[in-house]
Every structure is written in structure tokens, then in C-alpha cells.
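Inspection log for the structure reproduced underneath, given as C-alpha cells.
The values are calculated or read from the model by the stated rules, or taken from the named source; none is laboratory data. Since the structure is predicted, the reported quantities are computational estimates derived from the model, not experimental observations. No Cβ is skipped: glycine too gets one built from the backbone with ideal geometry, and neighbour counts run over all protein chains shown. Ligands, DNA and RNA are stripped out before the accessible areas are found, and what is left, the full protein with its side chains, is counted by its heavy atoms. Shrake-Rupley method; radii C 1.70, N 1.55, O 1.52, S 1.80 Å.
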Amino acid sequence: MADLKASLSIDGNVIADLPILKGSAGNDVIDIRTLGGAGYFTYDPGFLATASCESKITFIDGDKGILQHRGYPIDSLAKQADYLEVCYILLNGHAPTKTQYDEFKNIITNHTMVHEKLVHFFHGFLPDAHPMAMLCGVVGALSSFYHSDLDIHAADQRMRSAHRLIAKMPTIAAMAYKYSIGQPFVYPRNDLTYAENFLHMMFSVPAEEYKVSPVVARAMDRIFTLHADHEQNASTSTVRLAGSSGANPYACIAAGVASLWGPAHGGANEACLTMLEEIGSLDRVDEYVAKAKDKSDPFRLMGFGHRVYKNFDPRATVMRETCHEVLKELGIKDPLLDVAMALEKVALEDQYFIEKKLYPNVDFYSGIILKAIGIPTNMFTVIFAMSRTVGWIAHWDEMLGQAGQKIGRPRQKYTGEINRKFVPLSDR
Ligand code: CMC
């Protein structure tokens, strides 16, 4: 197999014999690295058929609806492990023993506080600032607190940065929320689980401790787990590209946060809820489904469709279950959730969505769960960013640990002017 080659010919002349490389699963790749020497670049805007790196972290088969982290299927992880165990697996490549898990949990728990000086950063924001803006800025600022740990070529320092980021993201995220509603920041509690602690920092106030429901904590943990990593998506690729220049981990994660913010990526769960609010009532569902199908209307059903999953999103399957569990447990009656369920039904039965293989994705259900828990809509993407931090940092660490790692530098098909005569401003 190592010798199998793809021959590229132009006008009958072979210009390159390109090696075909095999992974352990998924599509083989054609190694085009020498093609530039033959005077050609490949052209793939949007990376529809480009493998940008070699990775051992996450495998996706979009046609079969498979998602595995380090070889472990996502539904087993979501149902049988907790988020910190999944973090350990993503970072270390294997499931931990009980001792390894306890040690890891201890390390993360002991890094949850942030430097008091970091608190001042929040006061520079207007109270109505989007919490993603705060997250982006404050995470980038973390690099100024850890000068001694910024040698990206030292594996132990990279791992310490990973632990710090996983531990501090919930604290920073909850601070962004508290700041935006004018409540005092709530410090982390080490006797709680990762999910419980986040809910505590979000909803406790000095006058009253928030009582965490086990169903809600489990749903929160599942949301974290189901968003932990997703191969080379836009934000992970952004983190890798930023990291390839040698930038520090906090700056790279801030770049990931920025990339995640958009409605086609992490912003979809927020956009989905905004859309449900716009639809407002059951009698308008058909009108919006028609809008989504209308080619001349840019409107899309947010929370539907996926670049890679063209059959079903395996994360959505688990999330759907959890969603119904949470709604039942909390006995929530919300007209918006009725609209969501009606939309799910119509879209699953509508020929347009069936033909285009557009199914509810993970963020359709996570948005509904988060709303039911009482998390404000503008925090949805922040929670996605918190959960995905482990994936980003695992990919960053993997890339920097690989021999011969190069700065990411794509080329282009240039279609602009050339060789224009420049006329000085005074003569124009
Ligand atoms: N509603 C209506 N039509 C849609 C939708 C939608 N949500 N998504 C795709 N289509 C149509 C699209 O108009 C196109 O039709 P045609 O072939 O006739 O031109 C066709 O389906 C293919 O769409 P595409 O934009 O070429 O597909 P893509 O793979 O580039 O986009 C996507 C994937 C996720 C950006 C897109 O489906 C979308 O915008 N969905 C809504 C946003 C969303 O929910 N994003 C979250 C993704 S899951 C979280 C994550 O991993 O970040």
C-alpha cells in the first residue's frame, strides 16, 4: 500500500506521481506536498477534501454517523464517562485508571481559581458586552500571568497550560455571566464536580447557595462531553494555524474562541434559540420551514445540517435523549420548546431536508437544554468554547509534539490585477 501512487496528468502528460497514504480509518490521502514543485497548487476553498494534518485524537465518519475520541465511541463516553475522564482521554490518548483519574481531577480542581488581577479585566467591559467578547479577551490575557510556563517546546509546560485552561475556562465563563448581570463573582468550590462547580459559579449568590439538581448536572456534563472535540473543524484548525507560528497557548485558544463565535459554527446554538424566539408560536413553523427552503431567501434553519455528518449527528442522538430527560425532570412548559419540537418533527419529515440530508445537529438540542436549565442565550457559545477548550489544546499539543512541524501557510489562486503602472497621487 505504501507504494500506491496517484498519477496526475495534464493533457496526457504525467506531471506528478503522488504517494497515497493510509490512515488507520477513514479516507486515504493523496500526498500532494511535492506538487508545488511541478508548478501547481491544489484548490480547495472551504477545505472540502483537504486533510490539513495527521492526528490520532478524533475520528469521524460522517456518512456512517461515527464519532470516536482516541478510538472510544462518543455514545459510550457520553453515557459511561464524565467530562474530566474524556478530557484525560483526549489529552493522554487512553482511558485513565482510577488513580490516574483521581490525580487528574485533583490537578484540574486545584487550578480553578484565577489571579485576582484578572478580575479587573472584566471591569473594562460595558455590562452589555457579549460574554464571548469577554472570553476572547480574558483568555488571551491569561498568557500575561504565566510567563514561566510558555515554552511551547517543553511537553510538561504544554500540559500545565492545558490543565490551567481546562480548569479556568468555567471560572472565566461564569465571571463573564455574573459581570453581565451585575452580580458579584462566585469563587469555585473544590468539593463539587466540574459540572456542579460551573452551575454553582453561574447561579449561586452570596445570600443563597444554588442547589444543583443531579439531572441538571448530568445534562451539563453531557453537553461538555459532546462538545469536547470534533476533529479539524474551523476553530480547531484556527488553533492549529495560530499555534503553528509558535504563538503561546492562551493566544491560540483565544483565536479558537473567536473562530467558534460565528453562527455557522459554535454560534449556532445561540442563533437557534434566537430563531425559535423569532418564530414564536406553533402556527408560524410552516412559514419558517418554507423560508428555509426558498432559494431566494438567505434564511436557514439554525441547528440543522452539518458539513461532515450527512446521515445523522451521533452527538445529537445522545443530546436528544438528554434533552427529553431534562424537560421531563424539570417539568418545563415553555412555548419555545414546543416550537422546537414541532420544527424537529416537520424538518425530519420534509422532503427538502431529507434529500439534502439536513438533520438536527447537536446544537439544536444543546440550545434547548441550556434554555431549560436557565442559562441565558448569549452564554450558549461560551459553554461550547469551555467544552471545546480541551479539544483545541489537545490538537495544539499533538501538533507541537510532532517532528518536522511547519508553520501553516496555504497558497492561493490569484485572480487580481498584475503589473499595473502606478501613477503618483499628484498625477491622478
Ligand atoms: N437550512 C436550510 N437549508 C440548508 C441548511 C439549513 N440549516 N443547511 C444547509 N442547507 C442547504 C443549503 O442551502 C444547500 O442547498 P443547495 O445545495 O440547494 O445550495 C445545501 O443544504 C448544502 O448546504 P451547504 O451550505 O453547502 O453545506 P455546508 O456543509 O457548507 O454547511 C452548515 C454546513 C452547518 C454550515 C450548514 O448546514 C448551516 O449553515 N447550518 C445551520 C448552522 C448550524 O446549525 N451550524 C452548526 C453546525 S454543528 C456545530 C459545529 O460543529 O460547529
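What to note about this one:
- Residue under evaluation residue 336, criteria (1) more than 10 Å from the ligand (Cβ to nearest atom); (2) open to solvent by 40 Å² or more (accessible area, probe 1.4 Å), criterion not met: (2)
- When the residues of segment 21-30 are filtered to those that are more than 19 Å from residue 237 (Cβ to Cβ) and not polar (S, T, N, Q), the one that is most open to solvent (accessible area, probe 1.4 Å) is 22.
- Close pairs (8 angstrom Cβ cut-off, 6 or more residues apart or separate chains): part of a loop (DSSP other than H, G, I, E, B) in segment 396-417, open to solvent by 100 Å² or more (accessible area, probe 1.4 Å) anywhere: 402/54; 411/41; 412/41; 413/41; 413/43
- Filtered residues of segment 41-77 (kept if in contact (Cβ under 8 Å) with a residue 24 or more places away in the chain, open to solvent by 60 Å² or more (accessible area, probe 1.4 Å) and within 15 Å of the ligand (Cβ to nearest atom)): 47, 63
- Among residues of segment 245-258, those that are within 16 Å of the ligand (Cβ to nearest atom) and either open to solvent by less than 10 Å² (accessible area, probe 1.4 Å) or farther than 21 Å from residue 138 by Cα (or both), counted: 2
- Check on residue 347, surrounded by 13 or more Cβ atoms within 10 Å (Cβ to Cβ), in contact with a Pro (Cβ under 8 Å, 6 or more places away or on another chain) and modelled with pLDDT under 85: yes
- Beta carbons closer than 7 Å, at least 6 apart along the sequence or on distinct chains, pair a first residue in segment 282-301 that is among the aromatic types (Phe, Trp, Tyr) with a second that is part of a helix (DSSP H, G or I) and surrounded by 13 or more Cβ atoms within 10 Å (Cβ to Cβ) for 288/279; 299/291; 299/292.
- Restricting segment 103-126 to residues that are in contact (Cβ under 8 Å) with a residue 24 or more places away in the chain, of a type in the set (A, V, I, L, M) and farther than 12 Å from residue 164 by Cα leaves a set whose member that is surrounded by the most Cβ atoms within 10 Å (Cβ to Cβ) is 118.
- Across segment 259-287, the number of residues qualifying as open to solvent by 40 Å² or more (accessible area, probe 1.4 Å), of a type in the set (Gly, Ala, Ser) and either within 20 Å of residue 306 (Cα to Cα) or within 12 Å of the ligand (Cβ to nearest atom) (or both) comes to 1.
- Any hit, segment 159-179, residues being open to solvent by 50 Å² or more (accessible area, probe 1.4 Å), in the same structural domain as residue 136 (by TED's automatic domain parsing) and out of contact with any helix residue (DSSP H, G or I) (no Cβ under 8 Å at 6 or more places or on another chain): no
Rundown of residues vs (1) open to solvent by less than 20 Å² (accessible area, probe 1.4 Å); (2) away from the ligand (no atom under 16 Å from the Cβ), yes/no style:
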position: 200; (1), (2): yes, yes
position: 209; (1), (2): no, yes
position: 214; (1), (2): no, yes
position: 220; (1), (2): yes, yes
position: 232; (1), (2): no, no
position: 291; (1), (2): no, no
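- If you go through segment 294-320 and keep only what is at pLDDT 90 or above, farther than 19 Å from residue 372 by Cβ and more than 7 Å from the ligand (Cβ to nearest atom), you end up with 294, 296, 297, 298, 299, 314.
- Hits in segment 147-179 (condition: over 21 Å from residue 388 (Cβ atoms) and of a type outside the set (Lys, Arg)): 147, 148, 149, 150, 151, 153, 154, 155, 156, 157, 179
So that you can scan it fast, the table gives a plain yes or no per residue for (1) within 16 Å of the ligand (Cβ to nearest atom); (2) surrounded by 22 or more Cβ atoms within 10 Å (Cβ to Cβ); (3) basic (Lys, Arg):
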residue: 354; (1), (2), (3): yes, no, no
residue: 364; (1), (2), (3): yes, yes, no
residue: 372; (1), (2), (3): no, no, no
residue: 376; (1), (2), (3): no, no, no
residue: 390; (1), (2), (3): yes, yes, no
residue: 398; (1), (2), (3): no, no, no
residue: 420; (1), (2), (3): no, no, yes
residue: 426; (1), (2), (3): no, no, no
